Structure formats: structure tokens, C-alpha cells
Amino acid sequence: MKQEAGEDKAALHIPSSVRGDTGKYTVTAKNEFGEDSGDFNVVVVDRPSPPTDVNAKDVYADHCTLTWKVRRIVHITQHRQSNLI
């Protein structure tokens, strides 16, 4: 994770983010006039997981019907805090 702060903006870079980076983040900005915080949510979207229980039915020479189950993904989120000074 990389933080950048400029005169009129701040940035948080998360290279190669993964689903586990999904969650609530808190940013706190401080200067000689005081400080303020704000929360924001980040959702990392990735390719879907491979299907499970793939079945073919009504198989013909030129087509068939496929059914499958989608693997559920459970997100475990953590509260992260970033201080930009």
C-alpha cells in the first residue's frame, strides 16, 4: 500500500489488489488547522470463481444444455485506517 499527499489532494494506491482488500477504510487528514476523518468502502471485483457441478444434458451433434453451480464467495472485511499527514 502506498500513500501520497499533496497540497490539494491525497491518494492511496493498492497495487495488485485482491478480494481480501474489500472493506471499510478510514482516512484521517491532519494539518496545522486541525484534523478530519472520513470512512469509505472499497469493493474489489475480480473474475468469478470457476463453476462447480457442471452437467450436460440434451446432448446433440450441434448443441447441448449446460447447468452449473456458482461458488459462493464469503467476504471477510476488516476495518483499515490510513493517516495522511
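The values are calculated or read from the model by the stated rules, or taken from the named source; none is laboratory data. Since the model is a prediction, treat every value here as computed from it, not as a measurement. Positions of Cβ are backbone-derived with ideal geometry, glycine not excepted, and every protein chain shown enters the neighbour counts.
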Here are some residues: Asp21, Asp36, Asp8, Asp46. Which one is farther than 30 Å from Lys69 by Cβ and surrounded by 10 or more Cβ atoms within 10 Å (Cβ to Cβ)? Asp36
Just give me the residues in the stretch 14-69 being of a type in the set (A, V, I, L, M), part of a loop (DSSP other than H, G, I, E, B) and over 21 Å from the mean Cα position of the chain (by Cα), in sequence order. Val59, Ala61
Suppose we filter the stretch 74-85 for residues that are β-branched (Val, Ile, Thr) and either modelled with pLDDT of 95 or more or touching a Lys or Arg at 6+ places or on another chain (Cβ under 7 Å) (or both); how many remain? 2
